[in-house]
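Report on one structure; see the data block that follows.
The values are calculated or read from the model by the stated rules, or taken from the named source; none is laboratory data. Please read all numbers here as calculations on a predicted model, not as lab measurements. Because the Cβ atoms are built from the backbone with ideal geometry, glycine has one as well, and the counts that use them run over all protein chains shown.
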Amino acid sequence: MKLVTYKTEGKEHLGIFVNNHIYNLNTCDKLLPDNMISFLEGGDEFMNRAKVINEQIKNGELTPKEEVFYELMAPVPHPTSCRDGYAFRQHVEAARRNRKVEMIAEFDQYPIFYFTNHNAVQGPGEILCMPDHLEKLDFELEVAVVIGKKGRNIYADEADNYIAGYMIMNDMSARTLQMEEMLLNLGPAKGKDFSTVIGPWMVTPDELEPYKVAAKEGHVGNSYDLQMRCRVNGVEVSYGNMADMDWTFAEIIERCSYGVDILPGDVIGSGTVGTGCFLELNGTGLLNDPNFKPQWLQLGDVVEMEITGLGHLSNIIVKEDSNFSLLKIKKNL
C-alpha cells in the first residue's frame, strides 16, 4: 500500500495511491483521519482499514472519486522528529579513503545517527536555497523509514515491527557550511537544516516482501534488494542498492530507542548509499585524477531519485529571494 499527503485548495489531506490515482482516505472511510500523524497514531486498526480500502479499489469493489488537481507533499509533512543514520560502509570507507584517513573501527561496533530539522522536511518540487547553500550544494541518495507505533528500549530482533513504511530520502547538504562548522567538532547542523526531501509516498512493508534478502553476516533485521539511482539533469550520477546497508534499520532503531521514546511519525534515514553524493564522487575522482573537475548542484538543476518499489522523487534547485549570507558575517577574520 502507498500512502501520500497532498494539498488541494491550500489544505493538506491524507490519500492512498492506487492504480496511478490518488484517493482521499477519509472520504473512503470516515473513521480514518485526514492527516498522516493522526493516522499513524491509530496503529494497526487504522492501517488495516486502509489496506482493506486499497484492496477494494484495486479489485473494483470500491470506486471513490479520484483527486485531479493536487500538489504532492512529503508523505509525512510534519514528522515528530527526523534522524539520519550512517549505515553504508562503502560510503563511509570511500569518504575516509578520499581524505587519506583510515577506516574507523567504531563503524562496525554500533550504528550512529544525528538529528536534522524535522520542520524543513519537504516532498517533490522546488528546493529553495540561500546563497550559502549554493556553495558546494549536494544531494544524498538514501532510504528512510517512518515509525508507526510508540516504543522504548526496543531490541533489534523486534524493531522491524515498529516500521510503518519506507520512502526515498534526499538529505540535501550545503557542504561549505557543513565543513565549516564541523571544524569545531559539532554537527552536521547548519549545512543540513534547510531541506530534507522524502517521498513521493510511504510504502508499507508488505509491498517489499518480494525483495527481502538476508541481512549481512552478524546483523539482525530486514534487508531488501532495492536498486537505488540518482540522476541530475537526466544524467545518472549515482547507483547503489539498499541491500548494501551494513547496519539494518532494525539495528538503527534499537539505538535510537535506547532510553528514549520513539513515536508514530518519527522519520529515520539510512545515511548515504555508496556513490550517493557528489562529495564522495568528487573525492574519488580527484584521488584517481588530479585534473578531475568536481561537480556540485547548480540553480535550475533537476535531481531525480528512483528506488525499486519506492517510486520516483524529483526536485528542482531554486534560489530563495534573499541575499543574506552567513559566510559574509564571520567575525575576527
Just to be sure I understand, how many residues within the range 214-241 are of a type in the set (Gly, Ala, Ser) and surrounded by 15 or more Cβ atoms within 10 Å (Cβ to Cβ)?
5
Do any residues in the range 85-99 that are closer than 9 Å to residue 246 by Cα have Cβ atoms under 6 Å from those of residues that are of a type in the set (Ser, Thr, Tyr) and not in a helix (DSSP H, G or I), where the two are at least six apart or on different chains, and which pairs are they?
87/270
Within the range 189-234, restricting to residues that are in contact (Cβ under 8 Å) with a residue 40 or more places away in the chain and among the basic types (Lys, Arg), the one that is nearest to residue 49 (Cα to Cα) is 229
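Do any strands (runs of 3 or more DSSP E) lying entirely in the range 109-164 carry at least 1 residues that are touching a strand residue (DSSP E or B) at 6+ places or on another chain (Cβ under 6 Å) and over 20 Å from residue 83 (Cα atoms), and which ones are they?
On the way: elements: 113-115, 125-129, 141-147.
Output list reads 125-129.
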Taking the range 36-72 and keeping only residues that are within 27 Å of residue 122 (Cα to Cα) and of a type in the set (Asp, Glu), one is left with 41, 44, 66, 67, 71
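To keep it simple, each residue is scored yes or no on (1) under 30 Å from residue 188 (Cβ atoms); (2) acidic (Asp, Glu).
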position: 5; (1), (2): yes, no
position: 14; (1), (2): no, no
position: 23; (1), (2): no, no
position: 44; (1), (2): no, yes
position: 48; (1), (2): no, no
position: 75; (1), (2): yes, no
position: 82; (1), (2): yes, no
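Looking at 76, 145, can you tell me which residue is surrounded by 21 or more Cβ atoms within 10 Å (Cβ to Cβ), more than 20 Å from residue 221 (Cα to Cα) and in contact (Cβ under 8 Å) with a residue 12 or more places away in the chain?
76
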If we keep just the residues of the range 242-263 that are in contact with a strand residue (DSSP E or B) (Cβ under 6 Å, 6 or more places away or on another chain) and surrounded by fewer than 18 Cβ atoms within 10 Å (Cβ to Cβ), which is farthest from residue 78 (Cα to Cα)?
243
Residues within the range 17-43 that are free of Cβ contacts under 8 Å to residues at least 12 places away in the same chain and of a type in the set (D, E, K, R), tallied
1
Top-ranked residue in the range 212-248 [being of a type outside the set (Val, Ile, Thr) and in contact with a Gly (Cβ under 6 Å, 6 or more places away or on another chain); ranked as nearest to residue 300 (Cα to Cα)]
238
Selection from the range 33-64 of residues among the aliphatic types (A, V, I, L, M) and more than 15 Å from residue 148 (Cα to Cα) yields 52, 53, 57, 62
Can you tell me which residue within the range 264-279, out of those that are touching a Ser or Thr at 6+ places or on another chain (Cβ under 8 Å) and of a type in the set (A, V, I, L, M), is surrounded by the fewest Cβ atoms within 10 Å (Cβ to Cβ)?
279
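Please work out which residue is nearest to the chain's Cα centre (by Cα), limiting yourself to the range 91-106 and to residues that are under 15 Å from residue 273 (Cα atoms) and either among the hydrophobic types (A, V, I, L, M, F, W, C) or surrounded by fewer than 10 Cβ atoms within 10 Å (Cβ to Cβ) (or both).
Among residues in the range 91-106 that are under 15 Å from residue 273 (Cα atoms) and either among the hydrophobic types (A, V, I, L, M, F, W, C) or surrounded by fewer than 10 Cβ atoms within 10 Å (Cβ to Cβ) (or both), the one nearest to the chain's Cα centre (by Cα) is 92.
Being surrounded by 15 or more Cβ atoms within 10 Å (Cβ to Cβ), aliphatic (A, V, I, L, M) and more than 13 Å from the chain's Cα centre (by Cα): is that true of residue 137 here? I'd like the intermediate steps shown before the answer.
Working: surrounded by 15 or more Cβ atoms within 10 Å (Cβ to Cβ): yes; aliphatic (A, V, I, L, M): yes; more than 13 Å from the chain's Cα centre (by Cα): yes.
Spelling it out, residue 137 is indeed surrounded by 15 or more Cβ atoms within 10 Å (Cβ to Cβ), aliphatic (A, V, I, L, M) and more than 13 Å from the chain's Cα centre (by Cα).
Go through the range 1-16 residue by residue and tally those that are in contact (Cβ under 8 Å) with a residue 60 or more places away in the chain and either under 11 Å from residue 70 (Cα atoms) or surrounded by fewer than 22 Cβ atoms within 10 Å (Cβ to Cβ) (or both).
Of the residues in that region, 7 qualify.
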Which of (1) in contact with a strand residue (DSSP E or B) (Cβ under 6 Å, 6 or more places away or on another chain); (2) not assigned by TED's automatic domain parsing to the domain that holds residue 6 is the odd one out, the single condition residue 57 does not satisfy?
(2)
Helices (runs of 4 or more DSSP H) fully within the range 1-99 counting 3 or more residues that are in contact with a helix residue (DSSP H, G or I) (Cβ under 8 Å, 6 or more places away or on another chain)
43-59, 89-98
Hey, any hits in the range 176-183 for a residue that's in contact with a strand residue (DSSP E or B) (Cβ under 9 Å, 6 or more places away or on another chain) and outside any helix (DSSP H, G or I)?
no
Residues of the range 214-245 satisfying the condition of being under 17 Å from residue 304 (Cα atoms) and in a loop (DSSP other than H, G, I, E, B):
226, 233, 234
